[in-house]
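Shown next, in structure tokens, is the structure this report addresses.
The values are calculated or read from the model by the stated rules, or taken from the named source; none is laboratory data. Since the model is a prediction, treat every value here as computed from it, not as a measurement. Here the Cβ positions follow ideal geometry from the backbone for every residue, glycine too, while neighbour counts run over all protein chains shown. Side chains are part of the model used for accessible areas, which takes the heavy atoms of the whole protein and leaves out ligands, DNA and RNA. Shrake-Rupley method; radii C 1.70, N 1.55, O 1.52, S 1.80 Å.
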Amino acid sequence: MCAVVFGLSLGVAAYATLWERKFAAFLQDRVGPDRAGWHGILQPLADGGKMFFKEEIIPNLSNRFLFVLGPSLFMMTALMTGAVIPWGADFVIGGKTYSAQITDINIGVLYLFGVVSVGVYGIMIGGWASNNKFALLGAIRASSQMISYEIAMGISVIALVITSGGTLSLREIVGQQDAGVCNFVWQPLGFLIFFICALAETNRAPFDLPECESELVGGYHTEYSSMKLGLFLFAEYINMFISSAIMSAFYFGGFNFPFAAELYNAMGLEAGSFWITLIGFGAFFTKIFMFICVFMWVRWTLPRFRYDQLMNLGWKILIPLSLLNLALTVVVEYFRGHIQF
Amino acid sequence: MLGYTITQWLFGILSFLAIMFGLMVVFSRNPVNSVLYLVLTFFCIAGHYLLMNAQFLAIVHIVVYAGAIMVLFLFIIMLMNLNEDSEPQKTWITKIIAAVAGGMMLFVLVGSLKGSEQLGLSTYGSSQIGLVKNLGLVLFKDFLFPFEIASILLLAALVGVILLGRKEPVMDKKL
């Protein structure tokens, strides 16, 4: 299961790079990469090969160990988040039950926050060890941005946990959405806040100030070359994939979809069948794909924020809004009977 | 293995690592390295919390200390760009005073911990006390008053920080 999720994250991230370029080309009325293979289908392999064969440069005045540690840490934390996401329902083969999730820890939501908050060290260490003013500025921007938006994100997730009946396990959060409506119906504002914060946490435009090429050359990865640069860029796509998965699981029911039980009945599938897991996985993936498209759509539509606008949005708009959302959630859940005093 | 259980082995390894990284915090020449070693120390302590069945405490320790507070420390140190050449060196009197003060702090801590065995605090509730739900119930039912006192303390600190960090309003508008 570990290997499957590892391969899946890397594979999706690789093809997300191609899809991003195709998508940008579509929005800008261009063709996009179409030379490597059919419609450029081999482009990610060509990019990867190019990255591996580029000259590797480590600046003389940099701290060598930390310089290499930075991108490795960033990549590692990006891959670690996939461990608690439930990719599909449990299935039974030959009397043994297999779970389509690496581990279902009862503090899954907090685990995600722990990993995300440690992820910023990759950028900070890399940016500082480069011994370059632009890289340092990029690293400092990244860390302050991530810390600011983590607060609003955390408060919106608390509201979500209240709606889900007080569980911190991702499997249970997804599970309680299988009958009735998905969490988005009860948490529209919370979802909006979470989505904006997810954009900021993944350093995607319009929040890509840490690498802001018009001011900072390349931001925290200015001094990086070869596959170490590749790791930084690639981890961004993995983060995007994982945060799309988290949003679908938190707010849109994960591997559940409307009339799923009726469909399985009509197809004559029993609970525990591998096909149910597969169909659920397909539904989950459709949602993830749509979120990835929204991420790209936002990136190629909106211009970048100015730094003070970014901080004002985080501290003066999103945090009060998420507190309001929390208060509203408590009132609504009291009338739904989920909270007793 | 050698008469120890796996928990004892883990405890020993984590304690060794925590103390080693703690020493590295003090002995590193570069302040950025010190902060990174401190982060590693926090991870070892989070491991200790896990060994004591306190999962919530462990993960919150990582989120708050390693993920937020230490990032801000690193942030400030990177901005100030401290190093040995530019930093004024402390005299040996300051060093001795610091060592004595630190030693007395250690003395107080050891003294207070020495009596804690008789209190039996470690057996409070069941072994599931570290789970979020049980911990929340205990905090908000049995220990509500200390909890609120702690939150007022934090609030006071917050207000103080905002007061200190606020720019003085400019009285003279003619510039």
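All conditions in (1) of a type outside the set (Asp, Glu); (2) more than 25 Å from A:Val109 (Cα to Cα); (3) away from chain A (no Cβ under 12 Å) hold for B:Ile77, with the sole exception of (3).
For every residue, the table says whether it meets (1) part of a loop (DSSP other than H, G, I, E, B); (2) touching a residue at least 12 places away in the same chain (Cβ under 8 Å); (3) within 13 Å of chain B (Cβ to nearest Cβ).
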residue: A:Gln101; (1), (2), (3): yes, yes, no
residue: A:Ile105; (1), (2), (3): yes, yes, yes
residue: A:Val118; (1), (2), (3): no, yes, yes
residue: A:Ala139; (1), (2), (3): no, yes, yes
residue: A:Ile147; (1), (2), (3): no, yes, yes
residue: A:Ile151; (1), (2), (3): no, yes, yes
residue: A:Ser156; (1), (2), (3): no, yes, no
residue: A:Gly165; (1), (2), (3): yes, yes, yes
residue: A:Val174; (1), (2), (3): no, yes, no
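If you filter the range B:44-61 down to residues that are in contact (Cβ under 8 Å) with a residue 12 or more places away in the chain, open to solvent by 30 Å² or more (accessible area, probe 1.4 Å) and within 9 Å of another protein chain (Cβ to nearest Cβ), you find that the one that is nearest to A:Ile147 (Cα to Cα) is B:Phe56. Residue count for the range A:1-37, restricted to those that are free of Cβ contacts under 8 Å to residues at least 12 places away in the same chain, of a type in the set (D, E, K, R) and either surrounded by 13 or more Cβ atoms within 10 Å (Cβ to Cβ) or at positive phi (or both): 2. Listed conditions (1) outside any strand (DSSP E or B); (2) touching a strand residue (DSSP E or B) at 6+ places or on another chain (Cβ under 8 Å); (3) farther than 19 Å from A:Phe284 by Cβ are all met by A:Val92, apart from (1). Among the candidates A:Asp178, A:Asp208, the residue that is of a type in the set (Asp, Glu), at pLDDT below 80 and more than 29 Å from A:Ile125 (Cβ to Cβ) is uniquely A:Asp178. Of the residues making up the range A:126-133, not a single one is buried (at least 19 other Cβ atoms within 10 Å of the Cβ), part of a helix (DSSP H, G or I) and among the charged types (D, E, K, R).
Taken together, the residues in the range A:52-70 that are outside any loop (DSSP other than H, G, I, E, B) and either closer than 30 Å to A:Thr286 by Cα or among the hydrophobic types (A, V, I, L, M, F, W, C) (or both) amount to 7. Selection of helices (runs of 4 or more DSSP H) fully inside the range B:2-103 by the criterion of at least 2 residues being more than 25 Å from B:Leu135 (Cα to Cα) and of a type outside the set (Lys, Arg) returns B:6-27, B:31-51, B:70-80. Screening the candidates A:Met75, A:Met80 for the property of being at pLDDT 75 or above, open to solvent by 70 Å² or more (accessible area, probe 1.4 Å) and under 14 Å from the mean Cα position of the chain (by Cα) yields one hit, A:Met80.
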